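Here is the structure we will look at.
The values are calculated or read from the model by the stated rules, or taken from the named source; none is laboratory data. Since we're looking at a predicted model, the values are computed, not measured. For neighbour counting, all protein chains shown are included, and Cβ atoms are generated from backbone atoms with ideal geometry for every residue, glycine included. The accessibility values were calculated without ligands, DNA or RNA, using every heavy atom of the protein model including side chains. Shrake-Rupley method; radii C 1.70, N 1.55, O 1.52, S 1.80 Å.
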Amino acid sequence: MATIDTYRPEDERQIAAMYRRVFGADAADGNCLRWDWQYTRNPNRPPSGPQIWVAREGPTIIGQYAAMPVRVTVLGREIGGSWGMDVMVAPERQRQGLGEVLFRTWEQNVGAALGLGLSESSYRLFQKLRWPNVGPVPCFVKPLTRRALRRPNWPMPVNRLVSAVTLPFVRVVARARPLRAGVERIYRFGEEFTALWDRLAPKFVLAVRRDARYLTWKFFEAPHIRYSAVALKRGADVHGYAVYRHLQEARGRVTLLVDFLADPEDGAGIETLLGWVDREARAANSDKIRAFCLHGAFRKALKRAGYFQVKSTMEFTAKINAVDVPSAFYQDTTGWHVTLGDSDQDR
Ligand SMILES: CC(C)(COP(=O)(O)OP(=O)(O)OC[C@H]1O[C@@H](n2cnc3c(N)ncnc32)[C@H](O)[C@@H]1OP(=O)(O)O)[C@@H](O)C(=O)NCCC(=O)NCCS
């Protein structure tokens, strides 16, 4: 019979070994690189230690539920939230009910339980537990070059033909547009970003608190990824930010718009941030820009800026415990701000 309790430092070796068995060697190496930052340096980490639950059978660890604590604004109130992340049950113990016990332990201990980018097995388990299904978070792509529409699973001649046929259209979509506000590259998130968040939080039905401490930890202190960030400015005042990075994929170069914030009603501001990312993407020779975005106003702004919605694989689930939410809360997510920068999606 398994018992569930919280993580102890001496568990690390066994958990690392189980991680390797469940997720494979590459993922385990990545986890090793991120672990200290992800679990012990999170500014929202509880004083008692990392938010990790462990399933034990005698001295043996057979499962874990590791989560990322965050503050979340929900209908104008700030509550403690938690992104479920590295969840696993030892292969020989799967499909015996242990996952369900771990999921419930996590959910009962947090004010808002949030899951992003679910695997097939966890997605099915959430469905079995009858959690609200609010995903997936829509994915948007802006083509910049004729290589933008290439697909790794198409033969090269087909890719070339598609590239040639769509080139005039890509040229129109990708044309440069003037910026309508100031944009300044930043290397830290100062307290002015906390003030920005406090001003904008009431505009979102649900969003993770994006204050200076959280943003600095998430986007400047991560050991596994280097991000670029810019502030949207009017005079000395900060009105928003964007975080992005460039990477090489199988059939081309991509700029990821990882996270951003602005007043959803500030159309010119959002357009300016997107225009800046366009320029950066072109300068980095990217073939396309990709963004994940749930909020209705931001989605409209992306479309106006030449992004197209494509199939998304980023499943999302949420369950709010700390405040009462109306039954329609989970049906209409147009006021929720969720991006690729949330949870640990960008690895
Ligand atoms: C997700 C996981 C933790 C669930 O643990 P578990 O102990 O197997 O889960 P339970 O036995 O409590 O629940 C089983 C239910 O989960 C779902 N499920 C679990 N594994 C599944 C799989 N391989 N395929 C489809 N559904 C699966 C089903 O709904 C299943 O119900 P069923 O057995 O009646 O069909 C475990 O499968 C696991 O470690 N998976 C690999 C790692 C992973 O994907 N982690 C999630 C990252 S987001």
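Quick one: count up the residues across segment 98-110 that are open to solvent by less than 50 Å² (accessible area, probe 1.4 Å) and either part of a helix (DSSP H, G or I) or within 12 Å of the ligand (Cβ to nearest atom) (or both). Before you say what the answer is, go through the steps one by one.
Initial filter on segment 98-110 (open to solvent by less than 50 Å² (accessible area, probe 1.4 Å)): 98-99, 102-103, 105-107, 110.
From the residues that got through so far, the ones that are either part of a helix (DSSP H, G or I) or within 12 Å of the ligand (Cβ to nearest atom) (or both) too are 98-99, 102-103, 105-107.
Total satisfying the criteria: 7.
Can you run down the residue pairs with Cβ atoms below 8 Å, 6 or more apart or on separate chains, where the first is in segment 104-129 and without any contact (Cβ under 8 Å) to a residue 60 or more places away in the chain and the partner is part of a helix (DSSP H, G or I) and near the ligand (Cβ under 6 Å from one of its atoms)?
From segment 104-129, the pairs are Ser121/Gly99; Ser122/Gly99; Leu125/Gly99; Leu125/Glu100; Lys128/Glu100; Leu129/Glu100.
If you go through segment 111-164, how many residues are of a type in the set (A, V, I, L, M, F, W, C) and within 16 Å of the ligand (Cβ to nearest atom)?
First, pick out the residues of segment 111-164 that are of a type in the set (A, V, I, L, M, F, W, C): 112-114, 116, 118, 125-126, 129, 131, 134, 137, 139-141, 144, 148-149, 154, 156, 158, 161-162, 164.
Within this subset, residues satisfying the condition of being within 16 Å of the ligand (Cβ to nearest atom) are 113-114, 116, 118, 125-126, 129, 131, 134, 137.
Number of matching residues: 10.
Looking at segment 83-97 only, could you name the residues that are touching a Phe, Trp or Tyr at 6+ places or on another chain (Cβ under 8 Å), open to solvent by less than 30 Å² (accessible area, probe 1.4 Å) and within 6 Å of the ligand (Cβ to nearest atom)?
Here is the first cut: in segment 83-97, the residues touching a Phe, Trp or Tyr at 6+ places or on another chain (Cβ under 8 Å) are 84, 86-88.
From what is left, the residues that are open to solvent by less than 30 Å² (accessible area, probe 1.4 Å) are 84, 86, 88.
Answer for segment 83-97, where residues must be touching a Phe, Trp or Tyr at 6+ places or on another chain (Cβ under 8 Å), open to solvent by less than 30 Å² (accessible area, probe 1.4 Å) and within 6 Å of the ligand (Cβ to nearest atom): just Met88.
Which of the residues spanning segment 310-330 are within 21 Å of Glu78 (Cβ to Cβ) and free of Cβ contacts under 8 Å to residues at least 60 places away in the same chain?
Listed by number, the residues that qualify are Asp324, Pro326.
Mind listing whichever residues of segment 60-82 are open to solvent by less than 40 Å² (accessible area, probe 1.4 Å), without any contact (Cβ under 8 Å) to a residue 60 or more places away in the chain and within 16 Å of the ligand (Cβ to nearest atom)? Show your work before the answer.
First, the residues of segment 60-82 that are open to solvent by less than 40 Å² (accessible area, probe 1.4 Å): 61-70, 72-74, 79-82.
Subsequent filtering for residues that are without any contact (Cβ under 8 Å) to a residue 60 or more places away in the chain retains 61, 64-67, 69, 82.
Once the filter is applied, which keeps residues that are open to solvent by less than 40 Å² (accessible area, probe 1.4 Å), without any contact (Cβ under 8 Å) to a residue 60 or more places away in the chain and within 16 Å of the ligand (Cβ to nearest atom), segment 60-82 yields Ile61, Gln64, Tyr65, Ala66, Ala67, Ser82.
Per-residue answers, yes or no, for (1) closer than 30 Å to Phe329 by Cα; (2) acidic (Asp, Glu); (3) in a helix (DSSP H, G or I):
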{"site": "Asp11", "(1), (2), (3)": "no, yes, yes"}
{"site": "Arg56", "(1), (2), (3)": "no, no, no"}
{"site": "Tyr65", "(1), (2), (3)": "yes, no, no"}
{"site": "Arg71", "(1), (2), (3)": "yes, no, no"}
{"site": "Trp83", "(1), (2), (3)": "yes, no, no"}
{"site": "Gln96", "(1), (2), (3)": "no, no, no"}
{"site": "Gly115", "(1), (2), (3)": "yes, no, no"}
{"site": "Leu118", "(1), (2), (3)": "yes, no, no"}
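State all residues of segment 254-295 that are out of contact with any Asp or Glu (no Cβ under 9 Å at 6 or more places or on another chain), assigned to a strand (DSSP E or B) and not aromatic (Phe, Trp, Tyr); if no residue qualifies, say none.
Once the filter is applied, which keeps residues that are out of contact with any Asp or Glu (no Cβ under 9 Å at 6 or more places or on another chain), assigned to a strand (DSSP E or B) and not aromatic (Phe, Trp, Tyr), segment 254-295 yields Leu257, Leu261, Ala262, Lys288, Arg290, Ala291, Cys293.
Considering segment 58-72 alone, what residues qualify as being closer than 20 Å to Arg41 by Cβ and hydrophobic (A, V, I, L, M, F, W, C)?
Ala66, Ala67, Met68, Val70, Val72
Identify, by number, the condition in (1) under 28 Å from Arg253 (Cα atoms); (2) within 19 Å of the chain's Cα centre (by Cα); (3) open to solvent by less than 20 Å² (accessible area, probe 1.4 Å) that Thr317 doesn't meet.
For Thr317, the failing item is (1).
Please verify whether Ser119 is open to solvent by 20 Å² or more (accessible area, probe 1.4 Å) and either out of contact with any Leu (no Cβ under 7 Å at 6 or more places or on another chain) or within 30 Å of Ser327 (Cα to Cα) (or both), treating the condition exactly as stated. Steps first, answer last, please.
Working: open to solvent by 20 Å² or more (accessible area, probe 1.4 Å): yes; either out of contact with any Leu (no Cβ under 7 Å at 6 or more places or on another chain) or within 30 Å of Ser327 (Cα to Cα) (or both): yes.
For Ser119, the condition - open to solvent by 20 Å² or more (accessible area, probe 1.4 Å) and either out of contact with any Leu (no Cβ under 7 Å at 6 or more places or on another chain) or within 30 Å of Ser327 (Cα to Cα) (or both) - is met.
Hey, among the residues in segment 161-207 that are β-branched (Val, Ile, Thr) and more than 21 Å from the chain's Cα centre (by Cα), which one's modelled with the highest pLDDT?
Step one: list which residues in segment 161-207 are β-branched (Val, Ile, Thr), which gives 162, 165-166, 170, 172-173, 183, 186, 194, 205.
Those left that are additionally more than 21 Å from the chain's Cα centre (by Cα): 162, 165-166, 170, 172-173, 183.
Numbers: Val162: 86, Val165: 86, Thr166: 85, Val170: 80, Val172: 78, Val173: 75, Val183: 96.
The extreme case among them is Val183.
Which of the following residues is surrounded by 17 or more Cβ atoms within 10 Å (Cβ to Cβ) and free of Cβ contacts under 8 Å to residues at least 40 places away in the same chain: Phe298, Phe292, Phe260? Let's see the steps before the verdict.
On the way: Phe292 fails: free of Cβ contacts under 8 Å to residues at least 40 places away in the same chain; Phe260 fails: free of Cβ contacts under 8 Å to residues at least 40 places away in the same chain.
None of the other options fit; the residue is Phe298.
Select from segment 296-347 the residues that are assigned to a helix (DSSP H, G or I) and in contact with a Ser or Thr (Cβ under 9 Å, 6 or more places away or on another chain) and write down the one among them that is nearest to Tyr241 (Cα to Cα). Talk me through it step by step, then tell me what you get.
Taking segment 296-347 as the starting set, the residues that turn out to be assigned to a helix (DSSP H, G or I) are 296-304, 327-330.
After this cut, where a residue has to be in contact with a Ser or Thr (Cβ under 9 Å, 6 or more places away or on another chain) as well, the list is 296-299.
Working: Gly296: 18, Ala297: 16, Phe298: 13, Arg299: 16 Å.
Result: Phe298.
Which ones in segment 1-13 are open to solvent by less than 60 Å² (accessible area, probe 1.4 Å) and of a type outside the set (Gly, Ala, Ser)? Steps first, answer last, please.
Taking segment 1-13 as the starting set, the residues that turn out to be open to solvent by less than 60 Å² (accessible area, probe 1.4 Å) are 2, 4-5, 7, 11.
Ile4, Asp5, Tyr7, Asp11, listed by residue number.
Could you grab me the full set of residues in segment 23-59 that are over 18 Å from the mean Cα position of the chain (by Cα), surrounded by 19 or more Cβ atoms within 10 Å (Cβ to Cβ) and of a type in the set (S, T, N, Q)?
Residue satisfying the conditions is Gln51 alone.
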